[in-house]
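The numbers here are math on the coordinates, done by the rules we state, and not lab data. Keep in mind that what you see is a predicted model, and the values were worked out from it rather than measured. Every residue, glycine among them, receives a Cβ derived from its backbone with ideal geometry; neighbour counts consider all protein chains shown.
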Amino acid sequence: MDLTTTYLGMTLRTPLLPSASPLSEEIDNLKRMEDAGAAAVVLHSLFEEQLTRDRDELHFYLTHGTESFAEALTYFPEPEEFHLGPEGYLNHIRKAKEAVDIPVIASLNGASAGGWTSYAKKIEQAGAAAALYGPLHGGANEAVLRMLNEIGSVEKVPEYIKRVKDGEVRLMGFGHRVYKNYDPRARIIKQVASEVFDVTGTNPILDIAIELERIALEDEYFIKRQLYPNVDFYSGIIYQAMNFPVDMFPVLFAIPRTSGWIAQWEEMLPDSGQKIARPRQIYLGYGQRDYAPIGERASAKKGAGC
């Protein structure tokens, strides 16, 4: 039986392709995948934050300890302890190419429009046969909106579903790495979506989403593969119905998680067993912005904002 298929422009002897996971961090595991019949291997992901080592390291040494007493300097971890930088990843690609005879596919997650492109050439030179790339966690609901806009109309949903089945395009907002059955959170947010639509009404984009959901929940192809609508599918169309601009989606994604982040931080503070944690985040936004007090906003001069 001929199982030959194409993927990322490559001809593979079978469609058996292990996805990116921590398993690919070990060369021995890559060999075992090849021995088990994998036609290619996808390496674990390299994130854009790991590509900014030089900038972050320079910032570290310029600001090292400037806000604390000298005797507290030993609390600061050295940059090397963060395992930043792409060199280790590129070396891993080289070793993988030497260890196996099947294509090695890299995986690169970029947070900015050009963040990944400057390193794509290095990944190619290291021996990767191809590179996967895409939106980071937090941008999935935005990808849902792009997909719905690409579909264009309810009448074109069946055609898009066929393209998904043929492997031409991906169905964004469906499936989950952890929830292999219907995401329990999706049941709740689906009800919220219905309540929102009762207030806002529907529009062509929402009509496409509703039809896409209906077909996916009834089609045996998606049921067998456990591709059910997830939280990102519903949150994207809820934000769209409420007229939030797409650029605000990551902000809205972060707001409800703030309480969890703060709770984790508060939990760590009184724990004497926890080592000091100093997440490195460099703010590059405005230092100060003018705004109108709440009581004056109705009569605020044009141009004032918050």
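Things worth noting here:
- Cα-Cα over 28 Å, subset of Lys31/Lys122; Lys95/Lys224; Lys95/Lys165: Lys95/Lys224; Lys95/Lys165
- Remark: segment 184-194, residue by residue, has Karplus-estimated 3J(HN,Hα) of x, 5, 5, 4, 6, 6, 5, 5, 4, 4, 4 Hz, where x stands for each Gly or Pro and the curve is 6.51 cos²θ - 1.76 cosθ + 1.60 at θ = phi - 60°.
- Sparse-neighbour loop sites [trypsin sites (Lys or Arg not before Pro); segment 157-254; at most 15 other C-beta within 10 Å; DSSP]: Arg170, Arg177, Lys180, Arg225
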